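Q: One structure is given below, represented as structure tokens, and several questions about it will come after.
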Amino acid sequence: MIRNLLASALFAGVAAGLVASLLQFWLVIPLLLEGELYESGVRVHFAASLDAPVQSPAGPAAGLSQDPARHLLTTAFSAIAYVAFALIMVAAMAFAERAGHRLSARRGIVWGLAGFAVMQLAPAAGLPPELPGTIAAEVSLRQAWWLFTALSTASGLALIAFGNGLLPGALGIMALALPHVSGAPHLDTYYGVAPPELAALFATRSLAAAAASWALLGFLAAWFMQRARPAG
Amino acid sequence: MTTTTFSGTRSETGLAGIAAVALAGFALLAAAGFAQATVIHDSAHDTRHSIAFPCH
């Protein structure tokens, strides 16, 4: 029933979104705030000057307590984003069940990791998660490539997971590779103002936080879907 | 002889329902992750960066 799908997505999405927020406030947002210091010029990374290059010391920004309204909004939007992920995933789960593929909470974890690959990992292979202040290609171009990559990756994984025989597997691999063969939009110059260490840690940590949150999302979504099913 | 009825199909959602749920997800994702209207962009800014979406 559609109500089961909606309720499962809502519960799983809000729970995973809140856990994602916790992970982000612990691991990701402090780096983001530090990156903003370089974006705004409060700190500089080897800026050119007349005598010696200027370098600010490393260290966290003023802290999370500075702007509670901003961080509350971030928490709310994390929940919204994960509810959106959950709605799409439970729809795909229900479709797979109709096609005869059994679902369980354990399998839900694999579903969640596949969702992570679709929404974060594959797009990040072309467009790395950006610290604030990163200068990059036109946002609409990046969004278009992102969408193309997500759709192509989802199709590829579905062909590999549910297809029978060599042909679907080969097509699946092609679908996974296609966005990266065509390539993400990039500028022809590097403009980064933040230290590469900071940008790299931001990218890896945001992916790690998303992977953990997606695994939980898949588990919870499948668990709620199974639980909502009337006993036969 | 006992017959067991598999009732799994009874609770299955129809294709139209599945499509509606997926559409709701895409719409929500477009708002939270993609919309460039200033208010939405600014509110969702940190989330978009944190979940590796193209932001601005």
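Q: I'm trying to understand the selection: among the residues of segment B:1-52, which are assigned to a loop (DSSP other than H, G, I, E, B), facing another protein chain (nearest Cβ under 7 Å) and at pLDDT 90 or above?
A: B:Ile51, B:Ala52, listed by residue number.
Q: Is at least one residue of segment A:107-122 open to solvent by 50 Å² or more (accessible area, probe 1.4 Å) and outside any helix (DSSP H, G or I)?
A: no
Q: Restricting the first residue to segment A:185-211 and requiring it to be more than 25 Å from A:Ala144 (Cβ to Cβ), which pairs with a second residue that is of a type in the set (Phe, Trp, Tyr) and open to solvent by less than 80 Å² (accessible area, probe 1.4 Å) meet a Cβ separation below 7 Å and a spacing of at least six or different chains?
A: Pairs that qualify, where the first residue is more than 25 Å from A:Ala144 (Cβ to Cβ) and the partner is of a type in the set (Phe, Trp, Tyr) and open to solvent by less than 80 Å² (accessible area, probe 1.4 Å), are A:Val193/A:Tyr38; A:Ala194/A:Tyr38.
Q: Let me ask something else. Answer with yes or no whether A:Phe148 is without any contact (Cβ under 8 Å) to a residue 24 or more places away in the chain and either in a loop (DSSP other than H, G, I, E, B) or aromatic (Phe, Trp, Tyr) (or both).
A: Here the answer is no, as A:Phe148 does not meet what is asked.
Q: I need the full set of residues from segment A:178-232 which are closer than 22 Å to A:Val90 by Cα, surrounded by 20 or more Cβ atoms within 10 Å (Cβ to Cβ) and of a type in the set (Phe, Trp, Tyr), in order please.
A: A:Trp214, A:Phe219, A:Phe224
Q: Sticking with this one: Identify, from the list A:Ala7, A:Ala86, the residue that is open to solvent by less than 50 Å² (accessible area, probe 1.4 Å), among the hydrophobic types (A, V, I, L, M, F, W, C) and within 15 Å of the chain's Cα centre (by Cα).
A: Answer to the selection: A:Ala86.
Q: Given the residues A:Ala161, A:Ala91, which is the only one that is more than 29 Å from A:His45 (Cβ to Cβ), touching a Gly at 6+ places or on another chain (Cβ under 9 Å), open to solvent by 40 Å² or more (accessible area, probe 1.4 Å) and in a helix (DSSP H, G or I)?
A: A:Ala161
Q: The conditions are (1) open to solvent by 50 Å² or more (accessible area, probe 1.4 Å); (2) of a type in the set (S, T, N, Q); (3) away from chain B (no Cβ under 14 Å), and A:Ser152 fails exactly one of them. Which is it?
A: (1)
Q: Which of (1) out of contact with any Ser or Thr (no Cβ under 6 Å at 6 or more places or on another chain); (2) in contact (Cβ under 8 Å) with a residue 40 or more places away in the chain; (3) more than 10 Å from every other protein chain (Cβ to nearest Cβ) is the odd one out, the single condition A:Ala122 does not satisfy?
A: Evaluating A:Ala122 over (1) out of contact with any Ser or Thr (no Cβ under 6 Å at 6 or more places or on another chain); (2) in contact (Cβ under 8 Å) with a residue 40 or more places away in the chain; (3) more than 10 Å from every other protein chain (Cβ to nearest Cβ) leaves (1) as the failure.
Q: Moving on to the next point. Which residues, counting only those in segment A:170-218, are part of a loop (DSSP other than H, G, I, E, B) and within 17 Å of the chain's Cα centre (by Cα)?
A: A:Ala184
Q: If A:Arg142 meets every condition in (1) touching a Pro at 6+ places or on another chain (Cβ under 8 Å); (2) farther than 24 Å from A:Ala208 by Cβ apart from one, which number is that one?
A: Of (1) touching a Pro at 6+ places or on another chain (Cβ under 8 Å); (2) farther than 24 Å from A:Ala208 by Cβ, only one is false for A:Arg142: (2).
The values are calculated or read from the model by the stated rules, or taken from the named source; none is laboratory data. Note that this is a predicted model, so its numbers are computed, not measured. Glycine gets a Cβ as well: all are built from the backbone with ideal geometry, and neighbour counts include every protein chain shown. Quick note on the areas: whole protein, heavy atoms, side chains included, nothing else; ligands and nucleic acids left out. Shrake-Rupley method; radii C 1.70, N 1.55, O 1.52, S 1.80 Å.
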